[in-house]
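A.B. asks: Mind looking over this structure? Questions follow.
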Amino acid sequence: MELQPIQNPEEQQHPRYQRQFASKLVVCGLWLISFLPLPIVSLIGYGFGWLLYALGRGKVVDRNLLLCFPDWTAKQRKSVAKSHFQRLARSFVELGVLCWQKKSRITDSVEIIDFHHLSKFEGKPVILLTPHFIGMNYGGAAVGEKVDVLAMYSANKDAVLDEVLRKARSRFGNPDLISKQQGIRTILRALKTCKPLVYLPDLDFGAKDSVFVPFFGIPAATITATSRLAKASGAAVIPMVIRQREWNKGYEVRFFEAWEHFPSGDEVADAIRMNQFIEERIKEMPDQYYWVHRRFGSRQPGTQNLYKQLKDKHYIPPKG
């Protein structure tokens, strides 16, 4: 594991250096933990996640669950939120295994289901519609070892963690990483290689190039790029959903049938269809969606900020 050389004393006082030093300590910890048996790695992640939630880091998660599942009791939401943090922390701790351990440790712990839905499109452009479930790094690595893919990539603000994430995402198979800043033209050129594009379009990327369509009954900014890419490239759209199994059972990657009549010619209808599909998958494993993201951050003119109350110093998380 390579670390950067120690900088001079003046630079060591800069907050950026101090953050990087802390990040390097975290990375060293991930490296050490990666040598442990996978079930033990998982349990360490669960413990870390429990601690994070207990320290009050779950405000956005609590709010998202309240917005999306208003009929649940506070106890139900708290249980799912706590489980979410445990699973999310587990996926983070497992980055060390992805980066520095034998590939077989990862691929042997991932079950790939219904791969034929993808394999029958070999030699043709394909968009793998991959919702933000927390097992995406681990499951994506196993898929990348089985078939070369194109993958969208957004740089992490922390340069040290960014390097770790890049390593984890690039050492399996021969993936082509595409920065989201490179735009649609770059993606279209890449699709001509007929490598499947792992595409994650379900976050709030802002109002530009988005439509506001229901997500659990709440208007959410949803990008229309999936429809536009499929139309321009002729690519089939195949959903790929990754599930984190229990602490000693690894992961599961499931491929679904290619969507028929997609794109439909109506970008709003296509966005609604995508959100409805994701909602159905979330209901199957509600603690595994990426709830730490402010999915409803972008709002239409004249509508309220759904996260405004989280800035309140006296905000009280749900009890149960």
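The values are calculated or read from the model by the stated rules, or taken from the named source; none is laboratory data. This is a predicted model, so every value here is computed, not measured. Note that we place each Cβ from the backbone using ideal geometry, even for glycine, and neighbour counts take in every protein chain shown.
A.B. asks: Go through the stretch 24-66 and give me each residue that's touching a Cys at 6+ places or on another chain (Cβ under 9 Å) and not aliphatic (A, V, I, L, M).
C.D. replies: Trp31, Ser34
A.B. asks: Report yes if Lys157 is assigned to a loop (DSSP other than H, G, I, E, B), among the charged types (D, E, K, R) and modelled with pLDDT under 90, otherwise no.
C.D. replies: yes
A.B. asks: I would also like to ask the following. Is at least one residue of the stretch 230-247 in a loop (DSSP other than H, G, I, E, B), surrounded by fewer than 19 Cβ atoms within 10 Å (Cβ to Cβ) and charged (D, E, K, R)?
C.D. replies: Checking the stretch 230-247: at least one residue is in a loop (DSSP other than H, G, I, E, B), surrounded by fewer than 19 Cβ atoms within 10 Å (Cβ to Cβ) and charged (D, E, K, R).
A.B. asks: Met274 versus (1) buried (at least 16 other Cβ atoms within 10 Å of the Cβ); (2) at pLDDT 95 or above; (3) in contact with a helix residue (DSSP H, G or I) (Cβ under 8 Å, 6 or more places away or on another chain); (4) within 27 Å of Gly45 (Cα to Cα): which is the lone unmet condition?
C.D. replies: (4)
A.B. asks: Just one of the numbered conditions (1) in a helix (DSSP H, G or I); (2) in contact (Cβ under 8 Å) with a residue 60 or more places away in the chain; (3) surrounded by fewer than 23 Cβ atoms within 10 Å (Cβ to Cβ) is not true of Glu145; which one?
C.D. replies: Against the list (1) in a helix (DSSP H, G or I); (2) in contact (Cβ under 8 Å) with a residue 60 or more places away in the chain; (3) surrounded by fewer than 23 Cβ atoms within 10 Å (Cβ to Cβ), Glu145 comes up short only on (2).
A.B. asks: Among the residues of the stretch 27-35, are any β-branched (Val, Ile, Thr), surrounded by fewer than 17 Cβ atoms within 10 Å (Cβ to Cβ) and either out of contact with any Ser or Thr (no Cβ under 7 Å at 6 or more places or on another chain) or modelled with pLDDT of 95 or more (or both)?
C.D. replies: So far as the stretch 27-35 goes, no, none of its residues is β-branched (Val, Ile, Thr), surrounded by fewer than 17 Cβ atoms within 10 Å (Cβ to Cβ) and either out of contact with any Ser or Thr (no Cβ under 7 Å at 6 or more places or on another chain) or modelled with pLDDT of 95 or more (or both).
A.B. asks: Consider only pairs whose beta carbons are under 8 Å apart and that are at least six residues apart or on different chains; among these, list those whose first residue lies in the stretch 275-288 and is hydrophobic (A, V, I, L, M, F, W, C) and whose second residue is surrounded by fewer than 18 Cβ atoms within 10 Å (Cβ to Cβ).
C.D. replies: Sorted first by the residue in the stretch 275-288, then by its partner, the list stays empty.
A.B. asks: Give the residues of the stretch 126-181 that are more than 24 Å from Ser34 (Cβ to Cβ) and acidic (Asp, Glu), sorted by residue number.
C.D. replies: Asp148, Asp176
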